[in-house]
1. Tally the DSSP beta bridges in the range 95-235 and give the antiparallel ones as a percent, rounded to 5.
2. Can you give me the three principal axis dimensions of the chain from its C-alpha atoms, in Å, biggest first?
3. Can you classify the range 241-282 as rounded, prolate or oblate using the Cα gyration tensor, where a ≥ b ≥ c are the square roots of its eigenvalues, rounded means a/c under 1.5, and otherwise it's prolate if a/b beats b/c and oblate if not?
4. Specify the inter-centroid distance of the range 87-152 and the range 240-262, based on alpha-carbon positions, in whole Å.
5. Quickly rank 180-186, 152-158 as a protection proxy: mean count of other C-beta atoms within 10 Å, highest first.
6. Give me the percent relative contact order of the chain, please, defined on Cα pairs under 8 angstrom at least 6 residues apart.
7. Rounded if a/c is under 1.5, else prolate if a/b is larger than b/c, else oblate: which is the range 63-215, with a ≥ b ≥ c the root eigenvalues of its Cα gyration tensor?
8. Taking the chain as the reference, fit the longest principal axis to its C-alpha atoms, fit the long axis of helix 113-126 to the helix C-alpha atoms, and give the angle between the two in degrees, 0 to 90, nearest 10.
Amino acid sequence: MIKAEKLKAKYGEDGEEKIVIHGIDLEIKKGEFVAVLGHNGCGKSTLAKHFNGILLPYSGRVTVDGLDTSDEDTIYDIRQKTGMVFQNPDNQMVSSIVEDDVAFAPENLGVDREEIRRRVDFALKAVGMYEHRHKTPQNLSGGQKQRVAIAGIIAMQPDYIVLDEPTAMLDPSGREEVMKTIQKLNRENGITVVMITHFMDEAALADRVVVMDKGLIKMDGTPKEVFSRIEELTALGLSVPQSTMLIYLLKKSGIGIESDAISIEECVDDIAAFFSKKEEKL
Ligand SMILES: Nc1ncnc2c1ncn2[C@@H]1O[C@H](COP(=O)(O)OP(=O)(O)OP(=O)(O)O)[C@@H](O)[C@H]1O
Ligand SMILES: [Mg+2]
């Protein structure tokens with residue numbers, strides 16, 4: 001489990017310091033897929049960087065499976081347990097061949113050759129990029145590059161992956177590829193996922209949604225629980241999935257439909273069921 005206790009974070013030195021996380025308690029349990037939402041500048045990336053010790057708490061503490069990120073003796077283990085994926089795949093590529101790129105981190109860890117081969121093949125298959133292993137990353141699409149970056153993390157055999165807006169720079173098909181990959185890694189490979197996103201439809205795919213505002217956690221629940229609070233979310237400068245918004249607007253205009261749909265499929269089913277009932281009454 002990743003655990004933040006009374007976490008405060010600050011930037012800047014004495015005199016000009018600015019506290020940007022104001023005391024957060026949060027537990028990410030093994031196996032979960034957690035989406036983190038929040039308006040620009042609310043502290044999402046800062047929080048994420050505490051999960052593998054890129055940043056250390058100003059006060060409070062963060063532990064990964066009980067290991068304190070502030071403890072210099074365990075930071076190496078923590079970095080191996082928690083992998084980070086960022087927005088821009090180009091900044092995460094280090095080699096001119098896909099499979100060398102994925103091998104880079106385990107090579108640095110001193111993993112032996114045979115084991116590296118096994119891990120690289122496994123990671124590339126897990127993200128669906130195995131057949132592209134001899135290509136140059138520059139010739140791949142954005143979604144493919146991001147999947148290679150994710151494979152590079154998988155090759156480290158992490159328990160947790162923290163993704164900071166991994167689809168922000170991708171086109172719709174690239175976004176879909178990456179989301180499918182993330183869901184598969186969570187469901188089939190048992191990797192715990194923390195994903196920051198500005199896309200509500202992506203957050204709707206998680207088991208749990210955490211909403212931040214001004215350095216604090218404002219909501220924490222299942223996607224259905226969180227997205228049912230449309231007016232509060234709007235007040236925080238956030239939106240809801242399009243399906244949820246459509247149902248909300250229908251209700252507001254006097255159509256008495258009952259639905260907690262967050263996906264297009266559920267929304268279509270609920271609207272169809274509502275109108276077929278009406279038809280029966282005619
Ligand atoms: N390196 C830094 N030095 C000083 N202030 C910073 C630094 N990084 C972030 N901040 C400030 O800390 C606050 C939180 O930033 P953070 O990047 O964590 O927000 P975010 O929720 O990830 O935003 P976004 O949605 O834009 O990515 C913001 O006010 C930001 O300006
Ligand atoms: Mg950010």
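No lab work stands behind these numbers, since they all come straight from the coordinates. The model shown is predicted, which means the values in this text are computed figures rather than measured ones. Glycine gets a Cβ as well: all are built from the backbone with ideal geometry, and neighbour counts include every protein chain shown.
1. Bridges in the range 95-235 are about 50 percent antiparallel.
2. 73, 53, 30
3. The shape class here is oblate.
4. 42
5. Ranked from most to least packed, the peptides come out as 152-158, 180-186.
6. Reported relative contact order: 21 percent.
7. oblate
8. Orientation of helix 113-126: about 10 degrees from the principal axis.
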